[in-house]
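The values are calculated or read from the model by the stated rules, or taken from the named source; none is laboratory data. Since we're looking at a predicted model, the values are computed, not measured. So basically every Cβ, Gly included, is an ideal-geometry build from the backbone, and we count neighbours across all protein chains shown.
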Amino acid sequence: MTPLFKENTETDGFDTLERKMVRTLALHREMKKLLEAEYEAGEKFDTREMDKLILRKNNCVNRFEHLVGSIRDQLKRMAGRDLPRTCPRTLANRLRAIPGLTPDLEATLLPLARDLEEENRLLIQATRKNMVMLKGAIDRIWAVSQYAHQGKQP
């Protein structure tokens, strides 16, 4: 039986980490497309399309959560020690704390880490925009339902 985790953190660990980061970037792009489509469907009050998009988005979010947790766990295993409290907990700083990080690996992984953090910020902004739009749509639907059911007791 093969062990679940490797005991040493040689280049295989860095290769695996790079693949996970690239997959996470791809999921970021997919999530952005889903959020844009969700926004358009919400603007048009297309509930069928919204249902489909919400299911696809939930699936994507689950894959994203699993992948981010996997990256976090791998970074913890590879680093062996925590960052100092004064050091910001960015992905780039966590990568720099890994022993055995060569300049070649650093040149590859640090730009990926920065891209991931930037994509994450953009994803958060798109999500906030959708939340505001959906809250407004729900408020309008509630107002219409109150007008339509005026004087009726539940």
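So the values come out like this:
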read-out: Some residue of region 29-44 being under 30 Å from Pro99 (Cβ atoms), assigned to a helix (DSSP H, G or I) and either within 22 Å of the chain's Cα centre (by Cα) or modelled with pLDDT of 90 or more (or both); value: no
read-out: Those residues of region 76-95 which are surrounded by fewer than 16 Cβ atoms within 10 Å (Cβ to Cβ) and assigned to a helix (DSSP H, G or I), in sequence order; value: Lys76, Arg77, Asn93
read-out: Among the residues listed as Leu55, Leu67, the single one being touching a Ser or Thr at 6+ places or on another chain (Cβ under 9 Å), under 30 Å from Lys135 (Cα atoms) and not basic (Lys, Arg); value: Leu67
read-out: Region 81-102 residues that are over 17 Å from Leu17 (Cβ atoms), paired with ones that are of a type outside the set (D, E, K, R) (beta carbon under 6 Å, 6 or more apart); value: Cys87/Asn93
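Every residue, every condition in (1) touching a residue at least 60 places away in the same chain (Cβ under 8 Å); (2) small (Gly, Ala, Ser); (3) touching a helix residue (DSSP H, G or I) at 6+ places or on another chain (Cβ under 9 Å); (4) surrounded by 10 or more Cβ atoms within 10 Å (Cβ to Cβ), yes or no:
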site	(1), (2), (3), (4)
Asp115	yes, no, yes, yes
Asn120	yes, no, yes, yes
Leu134	yes, no, yes, yes
Ala137	yes, yes, yes, yes
Arg140	no, no, no, yes
Ala143	no, yes, no, yes
Ala148	no, yes, no, no
